[in-house]
Amino acid sequence: MKFNTKTIHGGQKPDAAYGAIMPPIYQTSTFAQSTPGGHKGYEYARSANPTRHALEEAFASIENGKFGLAFGSGLAAIDAVLKLLKPGDEVLSTNDLYSGTYRLFTKIYEDFGIKFNFIGMQNANHIEDYITDSTKLIWVETPTNPMMHIIDIVTTANIAKKHKVLFAVDNTFATPYLQQPLDLGADIVMHSATKYLGGHSDLVMGALVVKDKELAERLYFIQNASGAICGPQDAFLALRGIKTLHVRMQRHCENGRAVAEYLDNHPKIEKVYWPGFKHHPNHAIAKTQMRDFGGMVSFTTKGNNYEASIKIVENLKIFTLAESLGGVESLAGHPASMTHASIPKKDREKIGVVDSLIRLSVGIEDEADLIADLKQAIG
Ligand code: P1T
C-alpha cells in the first residue's frame, strides 16, 4: 500500500459489529468476561481498547513499522522510552530540541541517575566521538525544534548499530509524509501526535512506532505498567486527522516554502531557518532523507531586535500567537519566552534561540493571505 492509501486505510477495517466505516469510540473502562480470562481480546482499557488499538495500527502503518503505541501526550511517549534505561546509562541527544523534552531529561531523569549529553549533531560523524560504554540511547529531533537543523538519520543509525545503542527519532516536525526514520535505520519513531498527525489542534497525544517485537513488548509493558495511555475519544480524533495527513502536509510544504522565501527577501528580517533553502547548512542531507521541507519556519529580526519581534507576533492577525504547531491554522511563537523557556538563557542562546527568534507553524490557509499578514505585521 502506498503512503496516501495507508493514511486512510492503514490498520483499519470496517467494524465487525455493524460495519461502521470509522472505528467506533469504545468509551468503556472494562470488558465483560464469560469466565475468568474468557474475553474477546480486551479486558481492561488501560491495557488495550479497540479504538486505541485501531489508532496504534494506523501509527505503525504510516511509519512503516510493525508495532504502534499511543500515549496521553508526546512527553508521555518520550517518558516511556526513557523507562527502558537504568541508572548509570547515558543518553546522547541533539542540543536543539523541544524544551519539554529537555526538561524531562534534565529535571526528572537526571535525578534517577541517567546522564544526558546534549551535542550538535549536524555533522553526524562527530556523534561517535561522544559514545561511551554507558551510552544506551541516541535521541534526535530532525528537523530540530526550533532551529530546523537536519540530522543525518542513516549515518546516525549506522553509528548506533555499530555500538549497539538504541536510536530514537522524534519525527514530530517532519511526519511520515516527509520522512520515515525506521526505513532509514532508526529503532524507535516518536511523535507528539498533538501536532501534524492529529492536525486540528484539538487533542494532546503521543506515539511510538517500532519494528522489533522484543522492543515493542518492553514498551507495551511500560505503557501498561505506567498507564499514560490516551482515551478513546482522542484516539478517534487522531484516526480522523491521519486520514488527511498527506493532503494537509502537501499544502503545509507549499505554504511553508512561500513564507520562508518571503521572509528571506525581507529587509527587516535577519536570518530565516528552513531546510528547503539551498543555503541551509544541512540542505543536502534534507534532500536525501525528506520528500519536501515542511511547514515550520523560524526567523530573527535585523539586529536581533527583541522589541521588533514581539511587535510582529502581537500584530499578526491570521497567524495566532500560541504554543504548539502542526494544526491546519497558522501559529506564531516566541520560543525564548514560550516553548523553550525551560532551557537556561545561556544554553538556548548558544544554539541560536535568541530573544528575537520567532517560530512559525505555517498552516494550510490561502498563501496570499498568510504573506499579506506577515507583510502588515512586519511593516
Ligand atoms: O506536547 P506533547 O504532545 O507532550 O509533545 C511534546 C513534544 C515532543 N516533541 C516535539 C518535537 C515537540 O514539538 C513537542 C511539543 N511541542 C510544542 C508544544 C511546541 O510548541 O513546540
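The values are calculated or read from the model by the stated rules, or taken from the named source; none is laboratory data. Since the structure is predicted, the reported quantities are computational estimates derived from the model, not experimental observations. Cβ coordinates were reconstructed from backbone atoms using ideal geometry, including for glycine residues, and neighbour counts include every protein chain displayed. The accessibility values were calculated without ligands, DNA or RNA, using every heavy atom of the protein model including side chains. Shrake-Rupley method; radii C 1.70, N 1.55, O 1.52, S 1.80 Å.
Please find, among Lys136, Lys40, the residue that is away from the ligand (no atom under 16 Å from the Cβ) and touching a strand residue (DSSP E or B) at 6+ places or on another chain (Cβ under 9 Å).
Every option except Lys136 fails the conditions.
Does Ala124 satisfy the condition of being outside the structural domain of Lys287 (by TED's automatic domain parsing) and at pLDDT 95 or above?
no
Name the single residue that is farthest from the chain's Cα centre (by Cα) among those in the range 85-97 being aliphatic (A, V, I, L, M) and under 16 Å from Ala160 (Cα atoms). Let's see the steps before the verdict.
Of all residues in the range 85-97, those aliphatic (A, V, I, L, M) come to 85, 91-92, 97.
Imposing the further condition that a residue be under 16 Å from Ala160 (Cα atoms) reduces the set to 85, 91-92.
Working: Leu85: 21, Val91: 19, Leu92: 18 Å.
Looking at residues that are aliphatic (A, V, I, L, M) and under 16 Å from Ala160 (Cα atoms), I get Leu85.
Would you confirm, using the coordinates I've provided, whether Pro335 is open to solvent by 40 Å² or more (accessible area, probe 1.4 Å), closer than 25 Å to Ala124 by Cβ, in a loop (DSSP other than H, G, I, E, B) and not polar (S, T, N, Q)?
No.
Identify, by number, the condition in (1) open to solvent by less than 10 Å² (accessible area, probe 1.4 Å); (2) more than 14 Å from the chain's Cα centre (by Cα); (3) among the aliphatic types (A, V, I, L, M) that Met148 doesn't meet.
(2)
Taking the conditions exactly as written (modelled with pLDDT of 95 or more and at negative phi), does Glu349 satisfy them or not?
No.
If we only count helices (runs of 4 or more DSSP H) wholly inside the range 47-116, which ones have 1 or more residues that are surrounded by fewer than 17 Cβ atoms within 10 Å (Cβ to Cβ), touching a residue at least 60 places away in the same chain (Cβ under 8 Å) and within 16 Å of the ligand (Cβ to nearest atom)?
99-103
Suppose we filter Ala377, Ala368 for residues that are out of contact with any Cys (no Cβ under 7 Å at 6 or more places or on another chain), in a helix (DSSP H, G or I) and surrounded by fewer than 17 Cβ atoms within 10 Å (Cβ to Cβ); which single one remains?
Values: Ala377 fails: surrounded by fewer than 17 Cβ atoms within 10 Å (Cβ to Cβ).
Exactly one residue qualifies, and that residue is Ala368.
Please state which of the following conditions Asp170 fails to meet, knowing it meets all the rest: (1) within 14 Å of the ligand (Cβ to nearest atom); (2) surrounded by fewer than 24 Cβ atoms within 10 Å (Cβ to Cβ); (3) among the acidic types (Asp, Glu).
If we test Asp170 against (1) within 14 Å of the ligand (Cβ to nearest atom); (2) surrounded by fewer than 24 Cβ atoms within 10 Å (Cβ to Cβ); (3) among the acidic types (Asp, Glu), just (2) comes out false.
Do you know which residues across the range 175-218 are within 11 Å of the ligand (Cβ to nearest atom), in contact with a Lys or Arg (Cβ under 8 Å, 6 or more places away or on another chain) and open to solvent by 10 Å² or more (accessible area, probe 1.4 Å)?
none
Name every residue in the range 163-180 that is touching a residue at least 40 places away in the same chain (Cβ under 8 Å) and closer than 25 Å to Thr244 by Cβ, in order of residue number.
Asp170, Asn171, Thr172, Phe173, Ala174, Thr175, Pro176, Tyr177, Leu178, Gln179, Gln180, listed by residue number.
Restricting to the range 271-326, count the residues that are assigned to a helix (DSSP H, G or I) and away from the ligand (no atom under 16 Å from the Cβ).
First, pick out the residues of the range 271-326 that are assigned to a helix (DSSP H, G or I): 283-289, 306-315.
Going one step further and asking which of them are away from the ligand (no atom under 16 Å from the Cβ), we end up with 283-289, 306-312, 314-315.
Result for the range 271-326: 16.
Among the residues of the range 127-149, are any among the polar types (S, T, N, Q), out of contact with any Leu (no Cβ under 6 Å at 6 or more places or on another chain) and closer than 20 Å to Thr244 by Cα?
Within the range 127-149, not a single residue is among the polar types (S, T, N, Q), out of contact with any Leu (no Cβ under 6 Å at 6 or more places or on another chain) and closer than 20 Å to Thr244 by Cα.
If you scan the range 84-115, which residues turn out to be farther than 25 Å from Tyr220 by Cβ and among the aromatic types (Phe, Trp, Tyr)?
Within the range 84-115, Tyr102 is the sole residue that qualifies.
Scan (1) in contact with a Pro (Cβ under 8 Å, 6 or more places away or on another chain); (2) modelled with pLDDT under 95 for the single condition Leu97 breaks and write down its number.
Against the list (1) in contact with a Pro (Cβ under 8 Å, 6 or more places away or on another chain); (2) modelled with pLDDT under 95, Leu97 comes up short only on (1).
Restricting the search to the range 349-361, which residues are more than 23 Å from Lys268 (Cβ to Cβ) and not in a loop (DSSP other than H, G, I, E, B)?
Scanning the range 349-361 gives a single hit, Lys350.
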